[in-house]
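Report on the following structure.
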Amino acid sequence: MKDARLHGVYAITDPVLCGEDLINKVLAAIQGGISVLQYRNKQASLAAQFKEATKLLSLCQQHDVLFIINDDLHLASEVNADGVHLGQQDRTLLEARQQLGNEKIIGISCNNRFDYALAAQQEGADYIAFGRFFSSMTKPQAPQSEIGLLQRAENELQIPVVAIGGISPDNGRSLIEAGADMLAVIHGIFGQADVRLAAQRYAELFQD
């Protein structure tokens, strides 16, 4: 049974795109209808990360949005985030589970490898992410993923699947129809002049 909370628009912050206006931009994205927020800022000091993450967690709790920390188990634990997202080069899922406990959400990036996804599910991941599906401004060198991965995941995985990489309101519907439970977006939301409207356009893809 898939976790019903892990569905919809999965927004990921970017320190350059959000800058000093991080809180206001995240609020606008929440008002636009995002379901999950991942905080990612590897440039800031630990103190600044803690301050930002604490504010964002409070904001997300007020609006029933899941709050996930990128990569950093210590920060996720310190602020009591809803969970953590790990890449293939980060700490192991077992380490994350031991540190955060069974109630927290742990997501794993699987790039374009279905075997990684199967292993992550077996080890107890709460969701996995495939991508990039399209040309990505954030990670242009990320390996190309084919839409068949989502179709296979729909048939073979029991946990939610995130699609990421160059996703727009125009191409996102095809990924949802193929089996994506969530669409991860960075520039498509936080790089737009009207963040709320941008988020809303993605959220509408899940309402049909």
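The values are calculated or read from the model by the stated rules, or taken from the named source; none is laboratory data. Being a predicted model, the structure only gives us computed values, none of them experimental. All Cβ positions, even for glycine, are placed from backbone atoms using ideal geometry, and neighbour counts span all protein chains on display. These accessible areas exclude ligands, DNA and RNA; they are computed on the full protein's heavy atoms, side chains included. Shrake-Rupley method; radii C 1.70, N 1.55, O 1.52, S 1.80 Å.
With a simple spin-label model that places each label point 7 Å from the Cα along the Cα-to-Cβ direction, the separation between ASN155 and GLU177 comes to 1.8 nm. Peptides 120-127, 146-153, 13-20 ranked from most to least packed give 120-127, 146-153, 13-20, packing being the mean of other C-beta atoms within 10 angstrom over each peptide's residues. With all pairs of different C-alpha atoms in the average, the Kirkwood value for the hydrodynamic radius of segment 103-190 is 12.9 Å. You can think of it this way: the chain between SER45 and GLN144 has 32.4 nm of extra reach, that is 0.36 nm per residue less the Cα-Cα gap. Label point of ARG91 set 7 angstrom out along Cα-Cβ; within segment 63-79, amide nitrogens under 18 Å from it belong to 67-79.
Can you give the helix-only mean residue ellipticity at 222 nm for the chain, where every DSSP H stretch with n ≥ 4 adds -39500 (n - 2.57) and the sum goes over all residues, rounded to the nearest 500 deg cm²/dmol? The partial results should precede the final answer.
Working: 10 runs with 86 residues, N = 208.
After summing the helix terms and dividing by residue count, I get -11500 deg cm²/dmol.
In whole angstrom, how far apart do the alpha carbon centroids of segment 118-147 and segment 8-68 sit? Here the two parts' Cα centres lie 21 Å apart. Dipole orientation for the chain: of the candidates GLY179, HIS74, ALA153, HIS74 has the Cα lying most toward the positive pole (charges on Cβ; Lys, Arg +1; Asp, Glu -1). Net charge in the neighbourhood of LEU175 (other residues with Cβ under 12 Å of its Cβ; Lys, Arg +1, Asp, Glu -1) is -3. FRET efficiency for the pair LEU197 and HIS74, taken as 1/(1 + (r/R0)^6) with r the Cβ-Cβ distance and R0 = 35 Å, rounds to 0.45. Sorting the segments 106-116, 48-58 by their residues' average number of neighbouring beta-carbon atoms within 10 angstrom, most packed first, yields 106-116, 48-58. With the full set of protein chains in place, find how many percent of the accessible area of the chain is carbon and sulfur; take the probe as 1.4 Å. About 46 percent, which is the carbon plus sulfur part of the accessible surface.
Any number yet on Rg/Rh for segment 11-64, C-alpha, Kirkwood? Can you show the working numbers first?
On the way: Rg = 10.5 Å, Rh = 11.2 Å.
That ratio is 0.93, to two decimals.
Note on segment 17-131: along the principal axes its Cα atoms extend 39, 28, 26 Å, ordered by decreasing extent. Stokes-Einstein diffusion for the chain at 20 °C, viscosity 1.002 mPa s, with a Kirkwood radius from C-alpha pairs, works out to 128 µm²/s.
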